[in-house]
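Everything on this sheet refers to the single structure shown next.
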Amino acid sequence: MSDAPATAPTDPTTPGRSPGIARIVSASLIGTTIEWYDFFLYGSAAALVFNTLFFPTADPLVGTLIAFITYAIGFAARPIGGVVFGHFGDKIGRKKLLVISLLMMGGATFAMGLLPTYDSIGIGAPILLTVLRLVQGFALGGEWGGAVLIVSEHGGDKQRGFWASWPQAGAPGGNLLATGVLALLAAVQSEEDFTAWGWRIPFLLSGVLVLLGLWIRISVSESPVFLAAQAKAQAEAARGIKQKPPVVEVFRRSWREVLTAIGTRFGENISYYVLTAFLLVYVTNHLDLPKSTALNAVLIASAVHFITIPLWGALSDRIGRRPVTLIGSVGMALWAFAFFALLDSKSFAVITLAVTVGLLLHGAMYGPQAAFISEMFDTKVRYSGASMGSQLASIVAGALAPIIAVELLKEYDSATPVALYLCLAAVVTTVTVALARETRGRDLSVSMADDPTDLPRTETPAAAGIDRA
């Protein structure tokens, strides 16, 4: 029995695809790019200026460590945002919650650009900064699930990996934008001017970007898969059938999928923040190179990352979500040690190569992830389940990654322990994905209860290449 209406809108030239899929993808990509720009901007600023402006200490690494702790606080708020946004997203729709998350994120980032520093108001400065970081994390916790789901549920079963990977490209897109603005300012400003006031410009720019994203997001249509599931839920309610809160249903019926989502994201999440946020600390503080070296290396690598993520998503439509993810996780486990060895060369070209290869491998894990996690859950709990799995991983993985990496560097004065940490994180994802079931081609309008085999309706087990183990 299908949750979807018999007359679900499709493009006559592309079976199973919404006629407005390009507009939906564009709206999700632009929105996620803006939100990740806001989120990553804080991480870059934490590594470059927040340690002295908001957390002044005698030891630069200690100040950076404290700045990264407030950076991690934003991650702590993400699962709460995922639960709240997931609940209402499964109840009233994906589109409304995406608009709210964009406004919250943009408002918090713009306010950061207006904050007085520690020298002006003392302890009040880091407190206000931390509160705004919590708002950022809460908003981003709701953003990811809604952005990838509205694309996944509009797109057809056979090309879902490709279409759903575009919102994923918003992460490197946002990092590219944030790093690009910071690199430009670093190039045209003196160190003193950048520290005094130049760092505020990227934060204030967020206000303009949010208005653009808001205008685009308001124009998209709600997911037809969600509308059909909502109509079914309303009909059941009219017959006296009570609906449990989505978060309760997730823990009752889909806790294994939540754990799988966490494990799938573990190595991906840690590797990204080591390759981007911690890299800035390692290159500037440990190798004593100009910040422009690290910023420009990340800038170039992020451009390649942005372009290749949809290619990895498209490949997952052909060979499956699991094989592509395993290419990335196994590759990252091996690359972790070469990565730091190349950084130690202090050559800009070699550092850029190291980051680019690392982000290519990260993209293999990240590109198929949106479709992979979306396909694990039924429509009525998909926003909640996908958000919880994704955002819980952000606490145990991404939030702690820069802190652990900085502490390891501070304790051992060597990158080897950090490389080992990165390698072990990739191994966790490798084992999780190796044990997971393939989801490629699943009909999202069909619930697990109605399809007990959990197999895609459009393919046979042999054709889908599904591992039943």
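The values are calculated or read from the model by the stated rules, or taken from the named source; none is laboratory data. Just so you know, these numbers come straight off a predicted model, no measurement behind them. Cβ atoms come from the backbone with ideal geometry, glycine included; neighbour counts cover every protein chain shown. For accessibility, only protein heavy atoms count, side chains too; no ligands or nucleic acids. Shrake-Rupley method; radii C 1.70, N 1.55, O 1.52, S 1.80 Å.
Below, the figures for the structure above:
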{"quantity": "Test: Thr293 is polar (S, T, N, Q) and over 20 Å from the mean Cα position of the chain (by Cα)", "calculated": "yes"}
{"quantity": "Out of Ala294, Ala336, Ala301, sole residue that is closer than 24 Å to Leu420 by Cα, at pLDDT 95 or above and open to solvent by less than 10 Å² (accessible area, probe 1.4 Å)", "calculated": "Ala336"}
{"quantity": "Those residues of the stretch 26-50 which are within 22 Å of Val283 (Cα to Cα) and open to solvent by 20 Å² or more (accessible area, probe 1.4 Å), in sequence order", "calculated": "Leu48"}
{"quantity": "Any hit, the stretch 432-439, residues being surrounded by fewer than 20 Cβ atoms within 10 Å (Cβ to Cβ) and in a loop (DSSP other than H, G, I, E, B)", "calculated": "yes"}
{"quantity": "Residue within the stretch 322-333 that is at pLDDT 95 or above, hydroxyl-bearing (Ser, Thr, Tyr) and surrounded by fewer than 24 Cβ atoms within 10 Å (Cβ to Cβ) present", "calculated": "no"}
{"quantity": "Enumeration of residues in the stretch 54-69 that are open to solvent by 10 Å² or more (accessible area, probe 1.4 Å) and closer than 23 Å to Ala401 by Cβ", "calculated": "Phe55, Thr57, Asp59, Pro60, Leu61, Val62, Leu65, Ile66, Ile69"}
{"quantity": "Qualifying residue in the stretch 230-237 (condition: open to solvent by less than 10 Å² (accessible area, probe 1.4 Å) and assigned to a helix (DSSP H, G or I))", "calculated": "no"}
{"quantity": "Some residue of the stretch 366-379 being without any contact (Cβ under 8 Å) to a residue 24 or more places away in the chain and either of a type in the set (D, E, K, R) or in a helix (DSSP H, G or I) (or both)", "calculated": "no"}
{"quantity": "Filtered residue count, the stretch 114-144, keeping only those that are assigned to a helix (DSSP H, G or I) and more than 30 Å from Pro167 (Cβ to Cβ)", "calculated": "9"}
{"quantity": "Index of the failed condition, Phe251 passing every other in (1) over 18 Å from Lys95 (Cα atoms); (2) open to solvent by less than 60 Å² (accessible area, probe 1.4 Å); (3) among the aromatic types (Phe, Trp, Tyr)", "calculated": "(2)"}
{"quantity": "Only listed residue being in a helix (DSSP H, G or I), within 22 Å of Leu41 (Cα to Cα) and more than 11 Å from the chain's Cα centre (by Cα), chosen from Ala178, Ala147, Ala169, Ala164", "calculated": "Ala178"}
{"quantity": "Count of the stretch 392-412 residues which are in a helix (DSSP H, G or I) and within 22 Å of the chain's Cα centre (by Cα)", "calculated": "11"}
{"quantity": "Candidates Arg217, Arg253, filtered to the one that is closer than 26 Å to Glu375 by Cα, among the charged types (D, E, K, R) and at pLDDT below 80", "calculated": "Arg217"}
{"quantity": "Scope the stretch 149-201; condition basic (Lys, Arg) and surrounded by fewer than 22 Cβ atoms within 10 Å (Cβ to Cβ); matching residues", "calculated": "Lys158, Arg200"}
